[in-house]
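Trainee: Quick one: this structure, given as C-alpha cells, is what I'll be asking you about.
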Amino acid sequence: MASYDALLLFVPVLLLSVVAHEYAHARVAVSQGDPTPLMLGRLTMNPLPHIDPVGTVLVPLLLFFSQAGFIIGWAKPVPVNTRNFRDYRRGDVLVSIAGVTANFLLALVFFLAALGLSAAGVEVSAPGLAGGLRRMSEFGLFLNLLLGIFNLIPIPPLDGSHLLYHLLPPALGARYREVGRYGMVLLFLVILVPGLLGTLLYPVRFLMEIARGVIDGVA
C-alpha cells in the first residue's frame, strides 16, 4: 500500500463498504416507518451524502501516507427517529443489524471474487488489471469482515449496543443505556488499551485465515 496505485485500488472498495453500511440502515429504517433518512437524502448509494470529512477522507489518507499497512474509515451515521417505527423494538433491531448484514454480504461477494480469480490462476502479486482485482477482492473481504465485527461490539454508538440493549431485562437495559452516554470514552479506551481491540477483533483474523486457505487452495 505504499503506492498511489494501491490508493486508487482500495479507496473505491472502502467507499462502497461504508456507504453500503449506511444505505442499509437507511433502507430498513424507511421500511420500518421512519422517513427521516429519505427526507435527508441518505437513501442513496451515491457516496457524496454519506461522506464524513474525517472518517471517509482524513483518516484513510493519514493511514495511507503514514504507511500504516491498512486503510479503514467510516461514513456519516444515518439519522433515524425510532419514534416513527411501527414497532419500536423490531424496528430498532432490524435497523441496527442491517449495516453489519450489508458488510457480511459484501465480504461474501469479495470472497467469491477472490476465489474465482485464484481459480483462474491470478495471484495477488500479479501485475496489471487481474492482479489489481485480486488485491481489491482480498482487501474488500478483510475490510467488510472488520467493519461488520467491529460494529457488533456492544459499546454505544456501535450497532451491537442496540442489540444488547434489547436482549437485557428492562431494568438492566435502562442502566445500560445510562452508561451509553460514556460510550465514546469507552470506545476510545478499547482502542487505546494495548491488545484489547485485537482480542475483540480476533474473529476477523480467524475468518481471514480460513478464507485465505480456501482461496489459495483452489489455485
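Trainee: Ordered by residue, what ³J(HN,Hα) values in Hz, to whole numbers, does the stretch 204-219 give under the Karplus form 6.51 cos²θ - 1.76 cosθ + 1.60, where θ = phi - 60° and Gly and Pro are x?
Mentor: Per residue, the Karplus-derived 3J(HN,Hα) values read 5, 4, 4, 5, 5, 4, 5, 4, 5, x, 5, 4, 5, x, 8, 5 Hz.
Trainee: Mind checking the full-extension length gain between Phe206 and Leu108? Use 0.36 nm per residue of separation minus the Cα-Cα distance, one decimal, nm.
Mentor: Difference between extended and current length: 33.8 nm.
Trainee: Between Val190 and Val214, 0.36 nm times their residue separation minus their Cα-Cα distance comes to what?
Mentor: Fully extending the segment from Val190 to Val214 adds 5.5 nm.
Trainee: For a quick size check, give me the Cα extents of the stretch 4-217 along its three principal axes, largest first, whole Å.
Mentor: 56, 39, 32
Trainee: Between the stretch 102-176 and the stretch 26-90, what's the alpha-carbon centroid distance in Å?
Mentor: After rounding, the separation between the Cα centres reads 16 Å.
Trainee: Using a Förster radius of 25 Å, what is the FRET efficiency between Leu197 and Leu61 based on their Cβ-Cβ separation? Nearest 0.05, please.
Mentor: Computed FRET efficiency for Leu197 and Leu61 comes out at 0.70.
Trainee: Evaluate the distance, in nm, between pseudo-label points positioned 7 Å from the Cα of Leu129 and of Tyr88 along their respective Cα→Cβ axes.
Mentor: Result for the modelled spin labels: 5.4 nm.
Trainee: In a Gaussian network model over the chain where Cα atoms closer than 10 Å are linked, find which of Val57, Val13, Val95 has the largest mean-square fluctuation.
Mentor: Of Val57, Val13, Val95, the most mobile in the Gaussian network model is Val57.
Just so you know, all these numbers are worked out from the coordinates, no wet-lab data involved. These figures come from a predicted structure and were not determined experimentally. Note that we place each Cβ from the backbone using ideal geometry, even for glycine, and neighbour counts take in every protein chain shown.
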